[in-house]
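One structure is given below, encoded as structure tokens.
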Amino acid sequence: MTSIAGKVAVVTGAGSGIGRAVAYELARRGAKLALSDVDAGGLAETARHARVIGADVYEQPLDVTDRDEFHRYAESVAAEFGVVNIVINNAGVAFTGEVVDMGYEQLERVMDVDFWGVVHGTKAFLPHLIASGDGHLVNISSLFGLLSMPSQSAYNAAKFAVRGFTESLRQEMLLSGHPVQVTCVHPGGIKTAIARNAGSVAGINQTEFAAFFDKKLAKTSAESAAKAVIKGIVGNQPRVLVGLDAKFLDALVRVLGARYQRLFTVLATRVMPSSAKTADPATQDAASQHVTGGDRVSA
Amino acid sequence: MHLPRPIVVALSAPTYRLVLNRRRSVAVQRRLTELTAAGLRPPRETHVEHVTLGGRPAERVTVGASQRPRAVLYLHGGGYVVGSARMYRALAGHLARVSGSVVYSLDYRLAPEHPYPAALEDATTAFHELVDGYGFDPHRVAIAGDSAGGGLAVAAARMLTDAGRRPAALGLLSPWTDPGEPAAMARDLVINREWGTWCGDQYRGSASAQDPGYAPMHGNLAGLPPTLIHAATTEMLRDQITRFAARARAAGVDATLVELPTMWHSAHVLAGLLRESTVAVRDLGVFLRARLDAGDRTLAPAG
């Protein structure tokens, strides 16, 4: 795809963060937008601002974990605009917690949004992207889809899965000759609400982890992330790394191979806040193993 | 699916002039308004079930999943004299789709056979039954309505709030909150002063024109739920709607007034046929969804 102007673009998780920034950037470049988010309030704000920029906007509250709803949504977008050129599966939630403490429901929930949400969006829109004759699918993975970190097992699993799914699909599209380009995006630490709104297992100080995330990790703005995403679309890049941290760590992991894990455990003891590293068994309580915070965010 | 706006205007203006005319009998007016619904189509996968709500017939409208945790009680317009759930099925369908709710479109009793407070009783009884009978959490039930249904929504919300059962939100489309006030304009594309005054009289019955249940503009507005108000810039009721929004805000209500320059009175009824109407109903649906989810802590994550 060489130009964004006049194209119909679908963005999930458009109510905040990278999704919102991507929506605005697409609007500035003349795209027509189908925006969704489970948070209708945030969605309304994004839609209103995108209209001010001048975009034709179709907004719809949507829970990406609801398969039927997502397929119905795809049909309604196609009916609204007649064609779908770009799909950006961006909706996601963060989660922090060690495997030993984590409940199955928590892991399933992260997989439901971060992995299945992307699969639903891909499956529901792929026929429309093929039919458009000029389609581009962007799935948002993460730096944590390239390397693992302690306490991020659920998020790592979902984001590695997104990468595997997306890279396989790109090859399928190339082999079949379908006119759909596929990009997997790996943002590093981006300044969004994701860490502040993340879930965690009981005992982990999420506020402290969020402060750590915002100060130490989130160095890239959502706006520059959005520009990188769109550059990836226009340049048909198979993989987009967003931020210097992502580029550096990706290179480091490739140099070190599996030995990066040893380095990270050493670093983790020095860099990360102590309470975010290990759950204090004293405050563990089976009944309080719940997701804390309203994790209605995108990443 | 959408028709060009000039064509819709050209078709609507003479139709409304013909139908909403006090020189026709009530029966003829009702029959003709029903006919106007023939050209309207709800979205695909709209499911309509005929139910009884608060002792009145109602249409239970869903799109896709038939069970939802959110509900919207919809009160149709028509000057308290004409209009029906059937006529508003397309609007209800679009609203159900966007808001992810079950929309209950109520056939409340109409004047002149049933003057005030019949319609108000029907609306509040319907809301109570959604909670007590159908099991909805009152924090996840909103009330919306257009024109007379908008005024009725405010009156019902007042009574429910005072009874300790405040709806989650109010959606008011061209609301008629002071039926006793003579309009400054003689007519707009849809309604005319003569017809409006006649309808207001039919509904008032023996009540005073200042009765807050009849004209909520004159009542206490404090404590009403978050409210979205739509007004067309060219409509006869625009001044009244603007004053109502200002009064609501002065009473501390979280009220938002949206002015729609390319719409006309209650043009939302044309959702699916006129692009502006579809967009306006979407605006309402997204607002209601946000308010209906506001108190929910178990909400599924980002989408």
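What the table below lists for this structure:
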item	result
Convex hull projection area averaged over all views, the protein assembly as shown, Cα basis, nm²	27.8
Region A:46-83: trypsin sites (Lys or Arg not before Pro) falling in loop per DSSP and having at most 15 other Cβ within 10 Å	none
Taking chain B and dividing mean pair separation by its residue count, relative contact order in percent (alpha carbons under 8 Å, at least six apart)	20
Rg/Rh (Cα only; Kirkwood hydrodynamic radius) as it applies to region B:166-303	1.01
The protein assembly as shown - share of DSSP beta bridges that are antiparallel (%, nearest 5)	20
Average beta-carbon neighbours from other chains, 10 Å sphere, peptide A:105-113	1
Least to most buried among A:Val22, A:Val93 (fewest other Cβ within 10 Å first)	A:Val93, A:Val22
Backbone HN-Hα couplings from phi across region A:84-92 [Karplus 6.51/-1.76/1.60, Hz, Gly and Pro as x]	10, 9, 10, 10, 10, 7, 10, 4, x
Which listed pairs, of A:Lys123/A:Lys159; A:Lys123/A:Lys231; A:Lys7/A:Lys227, have C-alpha distances above 21 Å, in listed order	A:Lys123/A:Lys231
Amide hydrogen neighbours beyond the local backbone of A:Lys32, cut-off 5 Å, H modeled	A:Gly6, A:Lys7, A:Val8, A:Ala9
Neighbour-count ranking [beta-carbon atoms within 10 angstrom, fewest first] of B:Glu121, A:Glu98, A:Glu69	A:Glu98, B:Glu121, A:Glu69
Environment charge of B:Val281, counting only residues whose C-beta is closer than 14 Å and scoring Lys/Arg +1, Asp/Glu -1	+1
Zone residues, region B:174-201, relative to B:Arg23, backbone N less than 19 Å from point 7 Å out along Cα-to-Cβ	B:186-199
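We did not get these values from a lab; they are worked out from the coordinates using the rules stated. Given the structure is predicted, the values throughout are model-derived calculations rather than measurements. Neighbour counts run over all protein chains shown; Cβ positions are idealised from the backbone, glycine included.
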